[in-house]
Structures are given as C-alpha cells and as structure tokens.
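Since the structure comes first, as structure tokens, the remarks are kept for the end.
No lab work stands behind these numbers, since they all come straight from the coordinates. These numbers were taken from a predicted model, which means no experiment stands behind them. Positions of Cβ are generated from backbone atoms using ideal geometry, with glycine treated the same way; all protein chains shown enter the neighbour counts.
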Amino acid sequence: MKCFLCQRESVIFLKYLNQGFCSKHFVRMIKKRFMRNLKNLKMWEKNSKLYIPKGKELRLVVLNYLFKDRHFIKTKKNSADKIVKKECMDDLAFYFIKNIFSGKWPELKISNKNIYPLYNISYEELKVFAECVGLKYFKKEPEKNLFLEKVKKIRPGAMFSLVRWLE
Ligand SMILES: [Zn+2]
C-alpha cells in the first residue's frame with residue numbers, strides 16, 4: 001500500500017485514520033504529535049528543566065530520542081520543573097478503564113509536575129517509530145485488556161477518547 005502523502009510504500013496502516021504512511025511521513029507525524037503535546041498541553045515551556053528517565057525499553061528509548069534536541073534542558077530529578085513519565089497510550093487507556101471499572105475516578109493528569117508526552121502515542125506506533133529511525137530497544141508490551149481490545153476493534157480511535165479524559 002502506498003503512503004497517504006507520497007508515492008512510497010507504507011510502513012504502517014493507521015486504522016483510526018484509515019491511511020497508510022511511509023517511514024518519512026510517519027516519523028514526521030509522531031514528532032509533530034509529540035511537540036504538540038508538549039506545547040499545547042503546557043507540558044513544557046522554553047526554559048523549564050526536565051528529568052527524563054533512562055533505560056533500554058521501548059518507551060524510554062523513544063522518549064530519549066524525541067528529547068535529544070539541545071533546546072530541552074535536562075536535569076536531575078530533584079531539581080527538575082517537570083518529571084517526564086514513560087507511559088504510552090495503551091498504558092494510560094488501561095489505567096483509565098481499570099479505575100472506572102473498580103468504581104474510582106482516574107485522578108491522573110497528563111500535564112502536571114509529572115508529564116506524559118507519549119499519552120496519545122500507542123505502543124504499536126512507538127515500535128514502528130523506533131524501527132524507522134533505527135533505535136535498539138527491549139520489548140515491554142503493555143498489559144492486555146480484553147475490553148479495550150474489543151472496543152478498539154469496533155472503534156479504532158477509542159483509545160484517543162479514553163486518554164483525553166486525562167488531559
Ligand atoms: Zn510518505
């Protein structure tokens with residue numbers, strides 16, 4: 001299948017958009033989404049100091065790649081203005097559902113002292129992104145939830161609606 005934006009072959013088909021993307025355009029889209037999260041949701045401002053956890057699992061490898069630009073000021077945990085969390089969309093959608101079904105309102109907010117810049121990027125997207133830009137990583141699959149799987153089949157954009165409650 002061809003990319004939705006150019007003539008190259010797709011590396012991923014996104015059901016929620018009903019479009020395929022080539023490596024170049026997919027990488028660009030994820031970077032844009034990430035930057036939009038940081039700016040529009042006030043996760044980050046120009047001179048704020050960030051703590052970014054390190055590690056070899058997929059989420060952390062991609063996070064460190066996305067934050068590698070020089071204009072991000074990195075610091076230790078205790079002197080940071082914002083602490084970056086690694087959870088991706090699957091993790092947070094699961095968290096949301098688990099709370100709702102046990103009668104609790106999910107208190108987590110994606111943009112506080114703790115920030116979740118991957119909150120609307122799925123594990124699958126992180127995997128393809130890492131492959132496109134050539135990152136090495138360890139797998140750490142998100143917890144499977146049958147309810148979530150079913151909902152995603154019926155409505156591919158469902159995870160976006162769930163994590164939006166955490167904004
Ligand atoms: Zn393309």
field: Candidates F147, F67, F34: whichever shows maximal mean-square fluctuation once the chain is modelled as a Gaussian network with Cα springs under 10 Å
entry: F147
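Convex hull volume of the Cα atoms in the stretch 45-164, per residue, in Å³?
Values: hull volume 14.2 nm³, N = 120.
Dividing the Cα hull volume of the stretch 45-164 by its residue count gives 118 Å³.
Fewest to most neighbouring Cβ within 10 Å: what's the order for E57, E141? Could you put the intermediate results ahead of the total?
Numbers: E57 12, E141 9.
By the 10 Å Cβ count, ascending: E141, E57.
For the stretch 45-164, what relative contact order do you get, as a whole percent, if you take Cα pairs closer than 8 Å and at least 6 residues apart?
Working: 156 pairs, mean separation 37.2, N = 120.
Worked out over the stretch 45-164, it gives 31 percent.
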query: For I12, which sequence-distant residues (separation of 5 or more, or a different chain) have an amide H within less than 5 Å of its own amide H, given hydrogens modelled in the peptide plane?
result: F21
statement: Cross-link reach from K42 to lysines, straight Cα distance under 20 Å and at least 8 residues apart if same chain, gives K31, K32, K68, K74, K77, K82, K85, K86, K109, K113
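Find the Cα radius of gyration of the stretch 1-114, compare it with 2.2 N^0.38 Å by division, and give the number to two decimals.
Numbers: Rg = 16.7 Å, N = 114, 2.2 N^0.38 = 13.3 Å.
Working it through for the stretch 1-114, the quotient is 1.26.
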query: If you find the alpha carbon centre of the stretch 102-126 and of the stretch 49-66, how far apart are they in angstrom?
result: 16 Å
field: Most mobile of K150, K82, K54 in a GNM of the chain (Cα contacts under 10 Å)
entry: K150
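Tell me the Kirkwood radius of the stretch 108-167: reciprocal of the mean inverse pair distance over distinct alpha-carbon atoms, in Å. Could you put the intermediate results ahead of the total?
Details: mean 1/r = 0.0752 Å⁻¹.
Answer for the stretch 108-167: a Kirkwood hydrodynamic radius of 13.3 Å.
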message: If neighbour count is taken as other Cβ atoms inside 10 Å, put M29, M159, M1 in order from fewest to most.
response: M1, M29, M159
message: Residue by residue through the stretch 48-56, what is 3J(HN,Hα) from phi via Karplus (6.51 cos²θ - 1.76 cosθ + 1.60, θ = phi - 60°)? Round to whole Hz and write x for glycine and proline.
response: 6, 9, 10, 9, 10, x, 10, x, 9
Normalised per residue, the volume of the convex hull around the Cα set of the stretch 64-108 (Å³): 96 Å³
message: If amide hydrogens are placed 1.01 Å from N in the peptide plane, which non-local residues have theirs closer than 5 Å to the one on F72?
response: none
query: Which ³J(HN,Hα) values, rounded to whole Hz and listed in residue order, are derived for the stretch 20-31 from phi using the Karplus coefficients 6.51, -1.76 and 1.60 in 6.51 cos²θ - 1.76 cosθ + 1.60 with θ = phi - 60°, glycine and proline given as x?
result: x, 9, 7, 4, 4, 6, 5, 4, 4, 5, 5, 4
message: Test of understanding: ordering C6, C88, C22, C132 by Cβ neighbours within 10 Å, fewest first, what list do you get?
response: C6, C132, C22, C88
- request: For the chain, with a Gaussian network of springs between Cα atoms less than 10 Å apart, report the residue from L38, L17, L66 with the top mean-square fluctuation.
  value: L17
- prompt: Rounded to the nearest 0.05, what FRET efficiency do K77 and R8 have when you use their Cβ-Cβ distance and R0 = 41 Å?
  reply: 0.50
